[in-house]
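One structure, pasted below without further comment.
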Amino acid sequence: MDYMDAKGRIFDIQRFSVHDGPGIRTIIFLKGCLFRCKWCCNPESQEFEIQNMEMSGKPKIVGRDVTVREIFDEVANDIPYYKRSGGGLTLSGGESLLQPEFAKALFITAHDYGINTAIESTGAVDYKIIEDILPHIDYFLMDVKHTNNEKHKAFISKGNEKVLENAFKIAENAKNLIIRVPVIPTFNDTEEEIKDIAKFATSLPNVTKMHILPYHRLGQDKYKGLGREYLMGDIVPPDEGKMAELKRAAESVGIECQIGG
């Protein structure tokens, strides 16, 4: 089958992003996720099924099936911006690696167009899936949310064994691996918890950078639109001072740390 005919299920395409990889990027958001993070800002990504969601009092269908060809009809328009900025195509979600054939086809096509590729992922799938797609990924942005398995289960619904196990294998083989940590009050926002994640990151081969991402409530209205309860409504996002403290804590164990990313 021609890679351009590969089909997948997405719920959004975001152009002209300056996050989730270098330069100006187009982010493709894929449906389906392994985890159920209490703070998830894209709850519509969690289920693979196409859903109905109410937004601003109007019904909205979330999710659509597309081919790689359809996506690149749009992505190719921004090649001049990618070239000038060092940007490219990023896959996010949800968990993109739950649609591996589609993700691989997108990345191969991007490289055929001379566009660099990135993935924002938990890495919590069977490593054979990752191994097959890794040669086509230029920047692997891996979420490591906590080193404590029980706390991981309490806030995310599953343990972190697969994440931590795969991190070593990914680090050995990825072109560029950056560890990313969403900073969530009551979950992982103490200096010791961030230090523990930073120590884990420094134990990985070829990893020199870590990003800490402040919690926000931008997706709160989506829960109401899906008829779900938002469990983090009373949590106050960390301020700049708090984030600066956590950045220093991470850097104290010898890794370059950046707020945002």
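Rule-based calculations on the coordinates, nothing more; no lab input. From a predicted model like this one, the values you see are computed outputs, not experimental measurements. Because the Cβ atoms are built from the backbone with ideal geometry, glycine has one as well, and the counts that use them run over all protein chains shown.
If you place +1 on the Cβ of every Lys and Arg and -1 on the Cβ of every Asp and Glu, how big does the dipole about the Cα centre of the stretch 36-156 come out, in debye to the nearest 20? Each step should come with its number before you reach the end.
Values: 13 positive and 19 negative charges, 88 e Å.
Roughly 420 debye for the stretch 36-156.
Would you be so kind as to identify which of Ile130, Pro237, His211 lies farthest towards the positive end of the dipole of the stretch 119-261, taking Lys and Arg as +1 and Asp and Glu as -1 on Cβ and the Cα centre as origin?
Value: Ile130.
Amide H of Gln258: which non-local residues (sequence gap of 5 or more, or other chain) have their own amide H closer than 5 Å, using H built in the peptide plane?
When sequence neighbours closer than 5 places are left aside, the close amide H contacts are Met210, His211, Ile212.
Now a separate question. Would you mind working out the magnitude of the charge dipole of the stretch 7-259 relative to its Cα centre, with +1 at each Lys and Arg C-beta and -1 at each Asp and Glu C-beta, to the nearest 20 Debye? The partial results should precede the final answer.
On the way: 33 positive and 37 negative charges, 54 e Å.
Using only the charged Cβ atoms, the result is roughly 260 debye.
Which of Lys145/Lys195; Lys7/Lys222; Lys38/Lys145; Lys7/Lys83 have a Cα-Cα distance over 21 Å?
Details: Lys145/Lys195 12 Å; Lys7/Lys222 26 Å; Lys38/Lys145 12 Å; Lys7/Lys83 27 Å.
Distance filter (> 21 Å) returns Lys7/Lys222; Lys7/Lys83.
Could I have the simple spin-label model distance between Glu191 and Ile61, label points 7 Å from Cα toward Cβ, reported in nm to one decimal?
Placing both labels 7 Å beyond Cα along the Cβ direction yields 5.3 nm.
Here is a further query. Given the options Ala124, Ala244, Ala201, state which has the largest fluctuation in a GNM of the chain using a 10 Å cut-off (strictly under) for Cα springs.
Of the options given, Ala244 has the highest mean-square fluctuation.
Please compute the contact order of the chain in relative form: average sequence separation of alpha-carbon pairs under 8 Å and at least six residues apart, divided by the residue count, as a percent. Numbers along the way, then the final one.
Values: 541 pairs, mean separation 48.8, N = 261.
Here the relative contact order equals 19 percent.
Treating cross-link reach as a plain straight distance, find the aspartates and glutamates whose alpha-carbon is under 19 Å from the alpha-carbon of Lys60, omitting any fewer than eight places away in the same chain.
Straight-distance partners of Lys60: Asp12, Glu44, Glu47, Glu49, Asp221, Glu229.
Considering amide H positions built from the backbone, and no H for Pro or chain starts, which residues 5 or more places from Tyr139, or on another chain, come under 5 Å of its amide H?
Thr117, Ala118, Ile119
Just want the ordering: Leu106, Leu231, from fewest to most Cβ atoms lying within 10 Å of their own Cβ. Could the numbers behind the result be given before it?
Values: Leu106 29, Leu231 13.
Listed from fewest to most nearby Cβ atoms, that is Leu231, Leu106.
For the chain, with the dipole built from +1 on Lys and Arg beta-carbon atoms and -1 on Asp and Glu ones, taken about the Cα centre, which of Ser56, Ala103, Gln46 lies farthest toward the positive end?
So the residue furthest toward the plus end is Ser56.
Here's something else I'd like to know. Which cross-chain or sequence-distant (5 or more) residues have an amide H under 5 Å from the amide H of Leu204, H modelled 1.01 Å from N in plane?
Sorted by chain and number, the residues that satisfy this come to none at all.
Continuing with the same structure: With θ taken as phi - 60° and the coefficients 6.51, -1.76 and 1.60, list the Karplus ³J(HN,Hα) couplings across the stretch 64-73 in order, rounded to whole Hz; mark glycine and proline as x.
Each residue of the stretch 64-73 in turn: 8, 8, 9, 9, 4, 4, 4, 5, 6, 4 Hz.
Could you work out how far apart the two model spin labels at Asn52 and Thr202 are, taking each label as a point 7 Å from the Cα in the direction of the beta carbon, and quote it in nm?
My value for the distance between the label points is 5.4 nm.
Related question: At what distance in angstrom do the alpha carbon centres of the stretch 1-33 and the stretch 137-173 lie from each other?
22 Å
Let me ask something else about it. Quick one: 3J(HN,Hα) in Hz for the stretch 156-165, Karplus 6.51/-1.76/1.60 with θ = phi - 60°, rounded, Gly and Pro as x.
Result, ordered by residue: 10, 5, 9, x, 9, 4, 5, 4, 5, 5 Hz.
Note down the nm distance, to one decimal, between modelled labels 7 Å out along Cα→Cβ at Val18 and at Glu251.
Those two pseudo-labels are separated by 2.1 nm.
Next up: May I ask you to evaluate 6.51 cos²θ - 1.76 cosθ + 1.60, the Karplus curve with θ = phi - 60°, for each residue of the stretch 16-24 and list the ³J(HN,Hα) values in order in whole Hz, giving x for glycine and proline?
Each residue's phi maps through the Karplus curve to give 6, 7, 10, 10, 6, x, x, x, 7 Hz.
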